[in-house]
Amino acid sequence: MEQRPRLGMILFYVVLGIFLLVALRGLYPSETSIEVPYTKFLDDFNNIIDIVIYDNGKVVYITGDNPRRSLETYFPSQTLITQTFQDQLDQLARRGVNITFERGGDSLFWVNLLGTIIPLAIIVFIWFFAMRSLSGRNSQAFTFTKSPAKKYTSSDKKVTFKDVAGVDEAQQELADVVSFLKDPSIFRDTGARMPKGILLVGPPGTGKTLLARSVAGEAEVPFFFISGSDFVELFVGVGAARVRDLFAQAKTSAPAIVFIDEIDAVGRHRGAGLGGGHDEREQTLNQILVEMDGFDAKTGVIVIAATNRPDILDKALLRPGRFDKKISVDPPDLNGRAAILKIHMRGKPIDPDVDVQLLARRTPGFVGADLENLINEAAILSARKKKKMIGMFELEEAIDRVLAGPAKKSRIISDKEKKILAYHELGHAVVGLVLPNAFPVHKVTIIPRGTSTLGFTESLPLEDRYLITKSELLDNMAQALGGRAAEDLVFGEITTGASSDLERASAMARSMVTQFGMSERLGPIAWGKEEEEVFLGRELTRMKNYSEEIASEIDAEVKKIVLTSYEKAKRVLSDQRKKLDEAAEFLLQKETITGRELADILGLDSGNFYKDDFEEVDVVTGPKIEGGKIMGKPELGNA
Ligand SMILES: Nc1ncnc2c1ncn2[C@@H]1O[C@H](COP(=O)(O)OP(=O)(O)OP(=O)(O)O)[C@@H](O)[C@H]1O
Ligand SMILES: [Zn+2]
């Protein structure tokens, strides 16, 4: 980012240099000859070694005295056809002088002119183009200082709180802002101070922009939008000028909302970042601070900024009177996702049989933008099939695509591999169905998807629960190991396909021992401290604060837990050995089997499959426990 203005300047000067050079060259063309009087021509006559005669009377010649300089003179064009002139030419020819006849002596002028204009035009074009692409905006190549803020006024399609869901807490906080913008006097009477700046913090796609727009829509005030990366411009000082312009615009139409997306692009704490080059960014940032200090609550301008890197923001931005209110915009929970899906289904032809709750359950970790995209994908799939309505099949297919890539029907898997795959996936599913505390099984498929997934069993994690018991953890671990257990049991041999299952089970066991204090031997002690680097790829790092002795005890406990779960999985499967073959036959034929169908084959009416009985649960907002972390993803063990 910082390199941009530098690069722009260098490019600009290089282009300017070339431009001047060519322009000068065009004015004094080196190839052009010097005009001399006719008498000089007569003087030189005996010395001429090369001559060009144009039909309009122009003559260009070179003498032996100075062969590098061509001279030119003019005859009245009639002279060219006189006998005397012909005689003179004869004389020259006899001396072996090179004589050429040409048309239209003026062409040289045009050649010169074109020679100047064409490169000029090319350069202007390149310059223009460079500006355009460097400034990242099409129409504003030359209006650097004018703010490119887009203004959405109430005439545009209005976004209101009804268009946003799953971010209830943030919405509640913003409701105050709306009432303030609608009627500032209420707040003035109680002496309450409205924040000038609000910082929306959250991962991409959670609806920060949408929220800011909905505040403007609810309050029916103009909305000025700009992105922090727009400020990073070609010339030093341009960003600051833009900020000034933006705020001037907002103040004249106050009450108004100024929204700065990606504020981290300019608001990074000073001195950070690579390769210096902070002058431009710093100036822009300073200007934002100056503007925010320069108006008070009476002005009626509220600045909302969004970022997903609050940790790198300059402290100056967060001081009182600036962005002193922080609102976090988190990824939606189960009910939030259902509500967002409903919003984006509005006005689309959705099959009445669609189970929104199931879709929400299948999409943990999806943010608003993903859910919107999901519905769009399903709409495309339906259109491709020329269906009139978007059905559950397309919506589920769209989820599978996002989770594991599009189905690869063409991928050829040998029958033997397919059989192993079927038993492996059924191993997961059967264990999940039989053990009462595993996550409900939704479906099993052996349709290969993406590049690495050969098949998967999907269980739906219980997100509306905030505590997970030890027995649930153990049953889920057994389920994770079910694939491997089935391979072992049925084929007496194991494949490489279970590696991620093993990884998952081991990680669960380790968390149980070190994090949740669930090992009897090691007691209710947190071994090591887990640190989640905020927004840095969510890497979990464990700080070791225990002895080597404890470390080996932890390892022994982890091993014990995993092995016990594995034995449990194997026991369940050998009890169901006969039914397992029946289910495998079904799966090999149909490639997909639902939890309910599998329960029917196993004769487990009360089996642990996904039942549609979660509909419209009340959200109990409680603290999220750590355990949610490892439970957050659906079972997606590849073969
Ligand atoms: N909470 C939500 N409710 C409804 N729709 C949402 C929600 N969140 C996102 N969307 C949909 O996703 C689109 C993109 O979201 P938006 O641009 O507001 O996210 P953002 O948090 O600003 O992302 P970024 O940080 O990438 O700018 C929205 O236009 C909207 O259609
Ligand atoms: Zn597996």
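The values are calculated or read from the model by the stated rules, or taken from the named source; none is laboratory data. Bear in mind the structure is a predicted one, so any value in this text is a computation, not a measurement. All Cβ positions, even for glycine, are placed from backbone atoms using ideal geometry, and neighbour counts span all protein chains on display. To get the accessible areas, we keep the full protein, side chains included, count just its heavy atoms, and leave off ligands, DNA and RNA. Shrake-Rupley method; radii C 1.70, N 1.55, O 1.52, S 1.80 Å.
Among residues other than PHE295 whose Cβ falls under 14 Å from its Cβ, what is the net charge (Lys/Arg +1, Asp/Glu -1)? If you can, show how the numbers build up before the last one.
Numbers: positive: ARG193, LYS196, ARG244, LYS251, LYS298, ARG322; negative: GLU291, ASP293, ASP296.
That sum, taken over residues with Cβ under 14 Å, equals +3.
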Sequence ranges 568-574, 78-84, ranked by mean other-Cβ count within 10 angstrom, highest first: 568-574, 78-84
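Can you tell me the length gained on complete extension of the stretch GLU169 to GLN91, counting 0.36 nm per residue apart and subtracting the Cα distance? Walk me through the numbers before you get to the answer.
Values: separation 78, 0.36 × 78 = 28.08 nm, distance 10.34 nm.
The span from GLU169 to GLN91 would gain 17.7 nm if fully extended.
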Point-to-point label distance, SER500-LYS387, nm (Cα→Cβ direction, 7 Å offset): 2.6
Long-range HN-HN contacts of ILE390 with modeled amide H, under 5 Å: ILE350, ASP351
Area of GLU35 that stays accessible when all protein chains are in place (1.4 Å probe, Å², to 10): 120
Local electrostatic count, ARG577, Cβ distance below 13 Å [Lys/Arg +1, Asp/Glu -1]: 0
Size descriptor, Kirkwood hydrodynamic radius, that averages inverse alpha-carbon separations across the stretch 334-402, Å: 11.7
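For the ranges 257-268, 510-521, what's the packing order if you count other beta-carbon atoms within 10 Å of each residue, average per peptide, and put the highest first?
Highest mean packing first, the order is 257-268, 510-521.
For a Förster distance of 41 Å, can you work out the FRET efficiency between the beta-carbons of THR190 and ALA316, rounded to the nearest 0.05? Present the calculation step by step, with values, prior to reporting the outcome.
On the way: r = 29 Å, r/R0 = 0.71.
My answer for the efficiency is 0.90.
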Orientation-averaged projected area, Cα convex hull of the stretch 31-105 (nm²): 4.6
Long-range amide H partners of LEU435 with built H, under 5 Å: none
Net charge over other residues, Cβ less than 13 angstrom from the Cβ of THR496 (K, R count +1; D, E count -1): -4
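Sorted by mean Cβ packing within 10 Å, highest first, what order do the peptides 421-433, 383-395 take?
Working: 421-433: 29.8, 383-395: 15.4.
By packing density, highest mean first, the sequence is 421-433, 383-395.
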Estimated FRET transfer efficiency when R0 is 41 angstrom, pair ASP43-LEU113 (beta carbons, to 0.05): 0.80
Integer Hz, Karplus 6.51/-1.76/1.60 couplings in order for the stretch 580-589, x for Gly and Pro: 4, 5, 4, 5, 5, 4, 4, 5, 5, 7
Cβ-derived FRET efficiency at R0 22 Å, ASP555 paired with LYS470, nearest 0.05: 0.65
